[in-house]
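The values are calculated or read from the model by the stated rules, or taken from the named source; none is laboratory data. What you are looking at is a predicted structure, and each value in this text was computed from that prediction instead of being measured. Don't worry about glycine lacking a Cβ; one is built from the backbone with ideal geometry, like all the others, and counts go over all protein chains shown.
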Amino acid sequence: MILKKLFSLFGAAVFLLIIFLPGYTKLQELRDKNHDLEKKIKYLNVENALLQQELKRIENDPVYQEKIAREKMGVVRKGEVPIKVIPEK
C-alpha cells in the first residue's frame, strides 16, 4: 500500500517534471537573453553619450573642427604644402 502511494507520487513528480521542464528551460534562456540585451543597451547608451559629446564639440569648437578637417579630410590652409609620409615596409 505504501509502496503503491510512493510509486504514484513518484510518477506524478516525473509527469510534472516532464510537463514543466521545457517551459522552465525556455524561461531561463529568455532571462539570459534579456540580461545580455540589457548589457548591450547600457553599452550603447554610454557610446551614444560619448558621440553626443563629440557632436557638441564639433559644432561649437572651431579649433576642434579644424583639427578634424585636417586629420580626417586632409584639408590644408591656403599656402600650406601637404606632406604625406609613407612608412617603409
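So the values come out like this:
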{"item": "Condition met for residue 88 (exposed (fewer than 10 other Cβ atoms within 10 Å of the Cβ), at pLDDT below 95 and part of a loop (DSSP other than H, G, I, E, B))", "result": "yes"}
{"item": "Single residue of 31, 70, 57 found to be more than 30 Å from residue 83 (Cα to Cα) and not aromatic (Phe, Trp, Tyr)", "result": "31"}
{"item": "Residues of segment 22-50 that turn out to be more than 15 Å from the chain's Cα centre (by Cα) and of a type in the set (Val, Ile, Thr), as a count", "result": "1"}
{"item": "Members of segment 61-84 that are surrounded by fewer than 10 Cβ atoms within 10 Å (Cβ to Cβ) and either in contact with a helix residue (DSSP H, G or I) (Cβ under 6 Å, 6 or more places away or on another chain) or not in a loop (DSSP other than H, G, I, E, B) (or both)", "result": "62, 63, 71, 72, 73"}
